Amino acid sequence: MAAVAFLQLPLITLNLPDQTGIGLRGRIMIAFDMTGRSQEVGEILALAKERSDLAQASEPASLDASRALNVGLPGGSPTEVLSFLTLVFTTGKAAVEFFKLVRDQLDRRGARVAVSDAPSGKPIGQIEATTTDHALESFAGQ
């Protein structure tokens, strides 16, 4: 009997008012939370605002240090401010392309962010300079 693996993707159904004019009502989207130091999360939001294949991006929210442990980020300073934002992509391919941009941005800074499933909060992985394309594709189920 062949082994079967299941991958749970962070899928959500976006129900926006009809007057949005962007045709997203009732479409299945892929949503991720990204957690890291406030500076990195701010830079990720700036990258996100430049993307046409991103359906929605939340404003960053501050967290306490315990969230870093929950998503697998190594402990930093107890006074370090962490933030997270939620990104909703139109396709898995769009998410992977964005993750690659984030990896390149983080490589310049020697930083990392954690990626988690937005609906459940379950950790998916981390993006840093050494994260492979294959790992980024697996984050989005590609």
(request) Restricting attention to the range 124-142, report how many residues are at negative phi and over 10 Å from the mean Cα position of the chain (by Cα). (result) 12
(message) From the list Glu59, Glu50, Glu40, exactly one residue is modelled with pLDDT of 85 or more, surrounded by fewer than 11 Cβ atoms within 10 Å (Cβ to Cβ) and within 20 Å of Gly121 (Cα to Cα). Which is it?
(response) Glu59
(message) Out of everything in the range 118-142 that is of a type in the set (Val, Ile, Thr) and in a strand (DSSP E or B), what residue ends up being surrounded by the fewest Cβ atoms within 10 Å (Cβ to Cβ)?
(response) Ile124
(message) Every residue in the range 128-142 that is of a type outside the set (Asp, Glu), touching a residue at least 40 places away in the same chain (Cβ under 8 Å) and within 22 Å of Glu50 (Cβ to Cβ), please.
(response) Leu136, Phe139, Ala140, Gln142
(request) Could you please find all residues in the range 89-118 being charged (D, E, K, R), modelled with pLDDT under 90 and more than 13 Å from Glu40 (Cα to Cα)? (result) Asp117
(request) Under 6 Å between Cβ atoms, at least 6 apart or on separate chains: pull out the pairs that start in the range 96-114 with a residue that is over 12 Å from Glu137 (Cβ atoms) and end on any residue that is assigned to a helix (DSSP H, G or I). (result) Leu101/Leu47; Val102/Ile44; Gln105/Glu43; Ala111/Glu40; Val113/Glu40
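The values are calculated or read from the model by the stated rules, or taken from the named source; none is laboratory data. Since the structure is predicted, the reported quantities are computational estimates derived from the model, not experimental observations. Neighbour counts run over all protein chains shown; Cβ positions are idealised from the backbone, glycine included.
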